[in-house]
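Report on the structure given below.
The values are calculated or read from the model by the stated rules, or taken from the named source; none is laboratory data. Predicted model, so just to flag it, every value in this text is computed and none were measured. Every residue, glycine as well, gets a Cβ built from its backbone with ideal geometry; the counts of neighbours run over all protein chains shown.
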Amino acid sequence: MNMELSRRQFLAATGAGVASTALGAFGFGEIEAAHAEAIRAFKLVNTTETRNTCPYCSVACGIIMYSKGDLKKGEKAEIVHIEGDTDHPTNRGTLCPKGAALLDFVKAETRLKYPMVRKPGSDKFERISWNDALDRIARLMKDDRDGNFVQKNNDGVTVNRWTTTGFLAASATTNETAFATYKVVRSAGMLVFDNQARV
Amino acid sequence: MSTDYDVEKGDSVHPGKPVTVDRYTAGARVNHWITAISLVLLALSGLALFHPRLFFLTGLFGGGPLTRIIHPWIGVLLFFSFFGLFLRFWKANLWKREDGTWLARIRDVLTGHEERLPEVGKYNAGQKFVFWSMSALIIVLITTGLIIWDQYFSVFTTIEQKRWAVLIHAIAAICAISVWIIHVYAAIWVRGTIRAMTRGSVTGGWAWRHHRKWLRELVGKASKGKSTPAE
Amino acid sequence: MFPPVPNPTTQPVPPKFGDQDLIRRSASTVTPPAQRQTEVAKLIDVSKCIGCKACQSACIEWNDTHPEIGINTGVYDNPHDLTPDMFTLMRFTEWENPETNNLEWLIRKDGCMHCEDPGCLKACPAPGAIVQYSNGIVDFIHENCIGCGYCIKGCPFNIPRISQVTHTAYKCTLCSDRIAVGQGPACAKACPTQAIVFGTKDEMKEHAAGRITDLKSRGFANAGLYDPPGVGGTHVMYVLHHADKPEIYAGLPNNPRISPIVEAWKGVTKYAGLAVIGFAAAAGFMHYLVAGPNRVSEEDEEAAEKLTGEEPRP
Amino acid sequence: MTNSWTDIRNTDLVVIMGGNAAEAHPCGFKWVTEAKANRGAKLIVVDPRFTRSASVADFYAPIRQGSDIAFLLGVMNYCIKNDKVQWDYVKAFTNAAFIVKDGFEYKDGLFTGYDETKRDYDKSTWNYVIGDDGFAVIDDTLTNPRCVWNLLKAHISVYTPEMVERICGTPKEKFLKVAEMISECSTPTKTMTSMYALGWTQHSKGSQNIRSMAMLQLVLGNIGVRGGGMNALRGHSNIQGLTDVGLMSNLLPGYMTLPNEKEVDFDTYMSTRGFKPLRPNQMSYWQNYRKFFVSFLKTMWGAAATPENHFAYDWLPKLDVPGYDVLRAFELMNQGKMTGYICQGFNPLLAAPNRTKLTASLSKLKFLVTMDPLDTETSRFWENHGEFNDVDSSQIQTEVYQLPSTCFAEDEGSLTNSGRWLQWHWPGGTAPGEAKTDNWIMAQIYTRLRDLYRKEGGAFPDPIVNLDWSYADPGEPTAEELAKELNGKALAPVMDPTDPTKVVVEAGKLVPSFAALRDDGSTTSGCWIYSGCFNENGNNMARRDTSDPDETGAYLKWAFSWPVNRRILYNRASADLNGKAWDPSRKLIEWDGQKWSGYDVPDIAPTAKPQDVGPFIMNAEGVSRFFVVGMMRDGPFPSHYEPFESPVTNLIAPKIRGNPVARVFKGDFAQFAEPASQEFPYAATSYRLTEHFHYWTKHVWVNAVLQPEFFVEISEELAKEKGIVKGGWVRVWSKRGSIKAKAVVTKRIKPLICDGKPVHVVGIPLHWGFTGAAKKGFGPNSLTPFVGDANIETPEYKAFLVNIEPIAGPVA
């Protein structure tokens, strides 16, 4: 594509611009110094790139997350910037106003950090450990299932259904999570089961 | 006697050798110097923001941002302090018949042929010109100054109005500075003047030479003060 | 499709331009570089813009600004105006075309035009607070900015804004930090419909020509490029379906130029002013040389003494 | 989507109706602008509001919400009347020639067999005449008055331009302009694409809205071709995936269905899923159902699923009602028939209709569990937030657990986009605080439940304790482990059916695709349509090769597209009866005399002769359907029904209210405003804004800045009438609730003249709630009626009635 070509020429030309003057009056160090004062230092230098897809709509734009620290090396990683992935065939690096602000989603004030419980009649959430929460949830589920599981219907047909506890699946979890969820929900005989396809 | 409106509070004659005449009270002098200093600071800081070649002057005020912050505040100070002077001096600066003649003979003024000039009161036409032009210019400067004082007043005017304001402010400032130069030069040129604003008094000769009418009025007042001997 | 903006590099690379490429520097003179860099430009195709505000979003994220959460005032424009934390803004206009009676929703991305002849730079009193690189980028250097707001008065497009926090002026940098490493501006990269594209100014004009042909074929007889000559052309240009009336696009100036008032202020006044002052001083000095001091004579003193009723000296 | 986002670049005409792609899917919409720029394609937008999509359209026509079927059948009527039909396509690839049983008819808005008390049809007459050979009888000449084509013509003849104007409020000349532009795409070398979304689905006849356009696309010959198709723009990043994997009350993965209690055993169940071809030589691909079903059961219960116990068929719960969708769930809660509810993501308090009813329902639960990265309203339904959530906490006995989950940036796995691409993503950030992945949370809940049953026994533990959970770390299965399960593997050597000595897949190996699945229990596959996503070649969902020969937009080597990496469904229909491309410039696949090949994976057996085998291999007919047998509850043809709350009465069938077979729960009927109600005179509709994503981005500072505060949109005319000022406050109320909002008064909404009467539209965006960074606000679900689509229960969010008045702003 000739545009592409002239674009490269442009980049080369600007490069040359530096070179020609750099080799001229100024020493390179000076340029760096001067540059530091004038133009903001490029903030992604020495960050780690990770490929991901936008979690919002179903266009599933490719994104690149830039982090300080690298999970793959077992480090703690803090995402400092997110932008579109130009290699992605659909979005070609572009993003919508939501996608372009994904960093603020990851770092939202209202991101949940700890399991919470709200006791009956209470007007507040209280911290609870994962263990206590999960044990309690499993117990609540089992008690209900044991109490209301229907093994045979009135005609004596085996129906093995549980309709007194329901499960609402999400809209943005991975297919893998979806399948794990499916196994858990169906094996328990749950029928009250839906996702967000309709809204 | 209705000719003594030239005399201001505190003016008086002290016979002796030489005669001394009180011209400015302490209050008037303090007021004047506050005005003078702020005017100088304003000129310096203003010029610094006016012409790139003079930007270095911001150094005197601790850099560009501080200059930008200080300048308008000094402006406010100047305004009020000059207002004080105005209240003190406006009456004596009212235009008189002789002022016209004095002005008409400006050549004699400049060449120092004061004998050819009419007797003038406490202020001659030149001083009155300085007084009134400064009064006018300072009004203009404070108004336009407020308009371009973005930190507090940017929302009240349009950009177009601000553009006019900044231009007028600049021109007015130039005039003010020029007038100020004349003022200062006159004070230096006419010897015996500066002590009026330092010590507050001038010699009788100075008053006789430059403001004879004023001197006569003072003397008249003084003699009226004592019991007149029978003739 | 127009070549998309490449992905950022995470490797340190020497900047493609810097202070050695300055062609203008506020309140100071610079020696222009031996070779001017290829002029760059951002082309905003209003006819392709869907007003999604991705450019605003990307701008905020890249420049790490933090605009405040406002309110709804009955329109889609949010924030309501450019701010020191919002360098670019979608301006929405509902325009009923008198010729077709059709409603046209004109959505223009407002922001710094990076003028070839920048009014802000001309008005700026602080040396080096505003600079122009040979590739056309006009940038604010905050360390040098004194926050006087002269740039606001100088700008023909009403773009710069002064922060009430830092008291320095802000505007679009054309993402100079990205362009310096061979990137495009954040907004151009984000723009979903490529209504914003970035490249050399020649490329942009060429691309615009194609767009204008397409628009004319769709019945927009007056489609055209907005590259106002009054400011020597800009490095942010618009493709408009109604180039004959830019003002319908939320008051985009028709033939903008630096205000003659500003020209007068920064031109003749600047020189004439100093001249006048200089003349006044000189005049006094000359007069002193010629006329000498005006001294009080003995006679004057005696006259005064006589007047005050003292005996004249023997 | 039958096609992909990148394929839209190949179109000549884009029709955005029942959606707003530019606002809801901006980066997908890019391909519309590309088609416009590079092919001179045109864009038509039909919408009650002049949307951002309309702002870049070549032609915009207004329409009253809920009248799309009338409009579309009107266009179809126009095409047929003006002979704008791609005849070869219609004759060869649709059921136009099929003869329909006597007795079937349509009268006064109803089809044969309606039972008012059941609100349902006896569909026995909705069928083909079956000949002695066991195949459906057809009439290639289309002369038989009982052939589908002639019945269709008769059925839609009432939808004249005049009638369309009366029903839809679309000025006749504007309608005709649209019809004319669309009809031009009936030539084989011109293609139209339909981009729609919830603007069509969220109606009590949503499915028929979509069928109407699909039928029009068949008339024009635009299904299966490049730049054509029916493109449903799914709302959420993986709602396609969650539906594919079957996370719905009545589904099994891969669009198999859960047994109902009439299907007492495995064989009865299979008998209704035989899908015997209705025409000679047809593939009727669902004939392989048994293979997919058994492989699924083996994935669930592994060794415990044996031929003896019919692969644990009985362990699947059996339905007693068509489905337990979210609306029924809340209905049951409200009746006090439910104990617990678990929300994994989702935010029903704002997403489901009739908020008052939702709060009442949740308050009757014993326990509620939410898993979410964000602080959702649902998890705080019991908390008082003044007028935004006016509840008395002390009166709510529900025990609530709010579990923090990771978000996309901290999680690994695949999402399925609207174009059916399964794309893998990698975690790049450390989760905040104690947030955990959904896999971990689900595994922890399961293992605890399983251990309790092992320890204590209880109600029928078998399916739980025998569930195959053989993961390296049972406490947290990895995405890769689960992806391999979805793909499926061979438990025993899989033999070549044609040559029983030849091993196709070694035991223990991942199956290459669903072609290798067997019904004897020798294979597993969690979701047959995903088979091939992670096989012995590796993780195909993670592929990143952007090569695209001749820039067709297929990108066959990028990620994985179900089924079997096919990018355009029904692509065999891109070629004529002899297998040559309808449009040589848009070749997709072609028949070279021996086999099919081209730019895409053929959607047909590679060696199936073009003249013999029809392109619609999933259908027993082998062709597509104008007249649908069995599947649709509300009729084999679409017909115009008004929304349950409508500003006008049904002009076609004045006696019919809403969709005659849509499910309405007792008590909810009383909560609908009368048709043409005086009390609620204005036609409201709800929608998204481009600045926000659903109820998520109000938590995102930047998006809260871009669109900070809840508002409603009305026309200048209505504002004038009501004395409402731009930016002022208004109260909007329906029969179910009331909200306060800022007023955006705009030229982009104009009153529609329907049957001579002006109808004012009130637009209500949906992004605000009482948690997050944005200003607190309300959502349309405080107003919307509790009724859904007759076939899939999508709530009627797009058309309901409200009243509006100016008010003084709320204090503080």
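Key figures
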| quantity | calculated |
| --- | --- |
| Exclusive hit being of a type outside the set (A, V, I, L, M, F, W, C) and in contact with a Pro (Cβ under 8 Å, 6 or more places away or on another chain), set C:GLY230, C:GLY210 | C:GLY230 |
| Failed condition for D:TYR471, given (1) without any contact (Cβ under 8 Å) to a residue 60 or more places away in the chain; (2) under 28 Å from D:LEU422 (Cβ atoms); (3) surrounded by 14 or more Cβ atoms within 10 Å (Cβ to Cβ); (4) more than 10 Å from every other protein chain (Cβ to nearest Cβ) | (4) |
| Selection within segment D:441-459 - in contact with a Gly (Cβ under 7 Å, 6 or more places away or on another chain) and either surrounded by fewer than 19 Cβ atoms within 10 Å (Cβ to Cβ) or over 23 Å from D:CYS407 (Cβ atoms) (or both) | D:THR447 |
| Single condition D:LYS262 does not satisfy, out of (1) under 30 Å from D:ALA575 (Cβ atoms); (2) outside any helix (DSSP H, G or I) | (1) |
| Pairs, first farther than 23 Å from D:TYR289 by Cβ in segment D:491-519, second surrounded by 18 or more Cβ atoms within 10 Å (Cβ to Cβ), C-beta under 6 Å, six or more apart | D:ALA507/D:ALA490; D:LYS509/D:ALA490 |
| Matching entry among D:PHE135, D:PHE93, D:PHE111 (being over 27 Å from the mean Cα position of the chain (by Cα), buried (at least 16 other Cβ atoms within 10 Å of the Cβ) and not aliphatic (A, V, I, L, M)) | D:PHE135 |
| Complete set of residues in segment D:310-365 that are under 30 Å from D:VAL294 (Cα atoms) and of a type in the set (Gly, Ala, Ser) | D:ALA312, D:GLY323, D:ALA329 |
| Selection within segment D:1-58 - among the hydroxyl-bearing types (Ser, Thr, Tyr) and without any contact (Cβ under 8 Å) to a residue 24 or more places away in the chain | D:THR33 |
| Qualifying residue in segment A:161-174 (condition: surrounded by fewer than 20 Cβ atoms within 10 Å (Cβ to Cβ) and either in the same structural domain as A:TYR56 (by TED's automatic domain parsing) or part of a strand (DSSP E or B) (or both)) | no |
| Filter pass, B:PHE83 being part of a helix (DSSP H, G or I) and within 22 Å of the chain's Cα centre (by Cα) | yes |
| Cross-chain or 6+ apart pairs with Cβ under 6 Å, segment B:156-175 first and charged (D, E, K, R), then outside any helix (DSSP H, G or I) | B:LYS162/B:ILE148; B:ARG163/C:SER259 |
| Candidates A:ALA172, A:ALA180 - the one that is among the small types (Gly, Ala, Ser) and either in contact (Cβ under 8 Å) with a residue 60 or more places away in the chain or at positive phi (or both) | A:ALA172 |
| Which numbered condition D:VAL802 fails, given (1) within 12 Å of chain A (Cβ to nearest Cβ); (2) aliphatic (A, V, I, L, M); (3) not in a loop (DSSP other than H, G, I, E, B) | (1) |
| Residues being among the hydroxyl-bearing types (Ser, Thr, Tyr), within 30 Å of C:ASN101 (Cβ to Cβ) and surrounded by fewer than 24 Cβ atoms within 10 Å (Cβ to Cβ) - total across segment C:178-236 | 3 |
| Neighbours by Cβ (under 7 Å, 6+ apart or cross-chain): first from segment D:324-349, without any contact (Cβ under 8 Å) to a residue 40 or more places away in the chain; second of a type in the set (Lys, Arg) and not in a helix (DSSP H, G or I) | D:MET333/D:LYS364; D:ASN334/D:LYS364; D:GLY336/D:LYS364; D:THR339/D:LYS366; D:GLY340/D:LYS366 |
| Given (1) more than 8 Å from chain B (Cβ to nearest Cβ); (2) surrounded by fewer than 18 Cβ atoms within 10 Å (Cβ to Cβ), index of the condition C:LEU240 fails | (2) |
| Any hit, segment D:134-148, residues being among the basic types (Lys, Arg), in a helix (DSSP H, G or I) and modelled with pLDDT of 95 or more | no |
| Filter result for the condition that a residue is surrounded by fewer than 24 Cβ atoms within 10 Å (Cβ to Cβ) and more than 14 Å from chain B (Cβ to nearest Cβ), over C:THR83, C:THR166, C:THR88, C:THR100 | C:THR100 |
| Selection status of B:LEU103, within 22 Å of B:SER133 (Cα to Cα), modelled with pLDDT under 95 and touching a helix residue (DSSP H, G or I) at 6+ places or on another chain (Cβ under 7 Å) | yes |
| Top-ranked residue in segment C:106-164 [being of a type in the set (Lys, Arg) and in a helix (DSSP H, G or I); ranked as nearest to B:ALA165 (Cα to Cα)] | C:LYS153 |
| Residue within segment D:90-97 that is among the hydrophobic types (A, V, I, L, M, F, W, C), more than 30 Å from D:ILE753 (Cβ to Cβ) and part of a loop (DSSP other than H, G, I, E, B) present | no |
| D:LYS742 being within 20 Å of C:GLY74 (Cα to Cα) and crowded, with 23+ Cβ neighbours inside 10 Å | no |
| Qualifying residue in segment C:213-224 (condition: outside the structural domain of C:LYS109 (by TED's automatic domain parsing), of a type in the set (Gly, Ala, Ser) and in contact with a His (Cβ under 9 Å, 6 or more places away or on another chain)) | no |
| Filter result (farther than 16 Å from D:MET1 by Cβ and free of Cβ contacts under 8 Å to residues at least 12 places away in the same chain) within segment A:54-66 | none |
| Search result, residues across segment D:412-431 that are in contact (Cβ under 8 Å) with a residue 24 or more places away in the chain and farther than 26 Å from D:LEU198 by Cβ | D:GLU412, D:TRP424, D:ALA431 |
| Leading residue by the ranking (farthest from the chain's Cα centre (by Cα)) among those in segment B:3-35 that are assigned to a helix (DSSP H, G or I) and crowded, with 19+ Cβ neighbours inside 10 Å | B:ASP6 |
| Scope segment C:12-33; condition polar (S, T, N, Q) and either within 7 Å of chain A (Cβ to nearest Cβ) or in contact (Cβ under 8 Å) with a residue 24 or more places away in the chain (or both); matching residues | C:GLN20, C:SER26, C:SER28 |
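Okay, residues lined up against (1) surrounded by fewer than 24 Cβ atoms within 10 Å (Cβ to Cβ); (2) under 27 Å from the mean Cα position of the chain (by Cα); (3) assigned by TED's automatic domain parsing to the domain that holds D:LEU752:
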position	(1), (2), (3)
D:ASN10	no, yes, no
D:GLY18	no, yes, no
D:THR33	no, yes, no
D:ILE44	yes, yes, no
D:ASP58	yes, no, no
D:GLY66	no, yes, no
D:ILE69	no, yes, no
D:LYS107	yes, no, no
